[in-house]
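The values are calculated or read from the model by the stated rules, or taken from the named source; none is laboratory data. These numbers were taken from a predicted model, which means no experiment stands behind them. Cβ: placed from backbone, ideal geometry, glycine included. Neighbour counts: every protein chain shown. Remember, those area values only see protein heavy atoms, side chains included, never the ligands or the DNA or RNA. Shrake-Rupley method; radii C 1.70, N 1.55, O 1.52, S 1.80 Å.
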Amino acid sequence: MAGSFSSALLLLLNMAGALLAPPALPPGPAAASVVSNGATDDDGDVDFFFFPFLVLYKSGRVQRFMGTDTVPASTDPATGVASRDVVVLDASAAAAAAGLAVRLYLPPSRLATNRTGTDADDESERLPLLVFYHGGAFVTESAFSPTYHRYLNALVSRAQVLAVSVEYHLAPEHRLPTAYDDAWAALRWALANARARAAGSDSDPWLSRHADPARLFLGGDSAGGNIAHYVALRAGREGLDSGGAGAGAAATIRGLALLDPYFWGKRPVPSETSDEDTRRERERTWSFVCGGRYGIDDPVINPVAMAAEEWRRLPCARVLVTVAGLDMLSARGRAYVHALRASGWQGAAELYETPGEYHVYFLNKPDSDEAAKEMEVVVDFINGDQVSSRASRMDA
């Protein structure tokens with residue numbers, strides 16, 4: 001606890017120093033500077049302070065305090081998982097998706113066949129396809145960050161999936177719904193490439209040779225969990241199959257994994273804080289990331305308020321929601337599961353809770369026993385096993 005307090009104090013001091021000193025950009029692509037209205041680069045007037053992530057200056061320039069480090073794609077020495085970065089080219093994508101990229105992960109068991117250029121002959125030899133959306137409050141972090149690179153390497157190795165980690169555009173440079181549109185475009189691109197199995201096609205070789213679109217999983221943590229939920233609902237409304245004859249296997253969402261998802265609402269749900277200042281601040285930061293486009297009770301941020309028929313459009317048979325006992329967002333995650341079950345949706349909703357831990361602890365403490373248990377839960381979910389027997393599960 002003392003270590004956490006010291007780290008928080010150091011972060012506060014660093015941010016205070018940054019605000020009082022002439023602004024300087026931290027390194028990394030997530031720290032892109034936007035200058036508008038002819039403002040000078042040394043304009044230090046603060047427009048919005050999103051604690052503890054960033055400051056937006058009135059000049060339009062953004063200064064991030066965390067989540068800007070990146071690591072290159074590689075073959076992970078610990079797991080043997082290979083990764084590579086790909087720019088998404090999707091004619092159906094919105095203009096905001098220009099420059100959209102993903103990082104692909106392939107387990108070592110498939111590297112040999114990939115080098116020979118051969119496809120998996122049997123559908124059963126193909127890998128489940130996981131499309132993953134990173135967290136970071138919609139304003140920070142990256143699919144290329146050390147945190148998510150480490151997590152995806154471990155998950156792909158354990159679950160034996162082909163993963164697509166999406167580098168969606170961040171607010172405030174690109175406010176919502178840009179991240180939602182990016183997420184949808186990346187999913188459609190991944191499925192189109194997984195279906196393109198004809199020789200000589202321009203499809204991605206990993207996806208076309210190894211991914212099974214009939215075993216599709218969507219997942220994400222925190223804001224990424226919010227995005228995964230949005231994408232699943234959009235798939236329920238619009239469908240996933242866009243090809244005609246010879247388009248390959250039909251896409252089926254087998255499961256939706258929401259890890260400590262970021263949801264909120266105007267009125268507290270059971271066991272959620274009723275502190276007015278806290279709730280007002282949550283509403284303020286939500287308005288910041290979406291530019292006021294979505295109210296705090298819009299279904300994209302408050303699915304608990306959705307009508308039952310909307311829940312029933314979820315096009316998957318299984319949903320996993322994980323929460324951490326000390327996380328302010330945990331009550332909303334529990335309410336999500338309860339609302340889904342009460343809606344008449346014909347699927348299995350599972351809730352996994354880790355007592356005594358904070359938001360996305362499994363990323364911050366990846367070597368802890370609790371993180372290992374949560375990883376096992378996610379792996380079991382992808383592999384079709386039930387997680388209801390886990391000791392940490394509190395499913396009241």
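When the chain is fully extended, how far beyond the present Cα-Cα distance does Lys58 get from Thr252, taking 0.36 nm per residue of separation?
Here the answer is 65.3 nm.
If I stretch the segment between Asp241 and Asp69 completely, what's the gain in nm (0.36 nm per residue apart, minus their alpha carbon distance), one decimal?
Values: separation 172, 0.36 × 172 = 61.92 nm, distance 3.63 nm.
Fully extending the segment from Asp241 to Asp69 adds 58.3 nm.
Would you kindly state how much longer the chain becomes between Thr278 and Val46 on full extension, computed as 0.36 nm times their sequence separation minus their alpha carbon distance, in nm to one decimal? Can you show the working numbers first?
Values: separation 232, 0.36 × 232 = 83.52 nm, distance 2.13 nm.
Fully extending the segment from Thr278 to Val46 adds 81.4 nm.
Cut-off under 28 Å on the C-alpha distance; same-chain residues fewer than 8 positions from Lys365 excluded. Which lysines are left, in chain and number order?
Leaving aside lysines fewer than 8 places away in the same chain, those within reach of Lys365 are Lys373.
Which of rounded, prolate or oblate describes the range 132-206 when judged by the alpha-carbon gyration tensor and an a/c cut-off of 1.5? Mind dumping the intermediate values first?
Details: a/c = 2.94, a/b = 1.34, b/c = 2.20.
Judged from the Cα gyration tensor, the range 132-206 comes out oblate (a/c at least 1.5, b/c at or above a/b).
At 7 Å along the Cα-to-beta-carbon direction for both Leu89 and Asp369, put a label point, then send me their distance in nm to one decimal.
Computed distance between label sites Leu89 and Asp369 equals 5.2 nm.
Please find the FRET efficiency linking Ala98 to Asp297, where r is the Cβ-Cβ separation and R0 is fixed at 35 Å, and quote it to the nearest 0.05.
Working: r = 32 Å, r/R0 = 0.90.
It comes to 0.65.
Can you list the lysines whose alpha carbon sits under 30 Å from that of Lys266, skipping same-chain ones fewer than 8 residues off?
Partners within reach: Lys58.
On average, how much accessible surface per residue is there in the range 269-396, in Å², for a 1.4 Å probe, leaving out ligands, DNA and RNA? Intermediate values should be presented prior to the final figure.
Working: 5800 Å² over 128 residues.
About 45 Å² of surface per residue is accessible.
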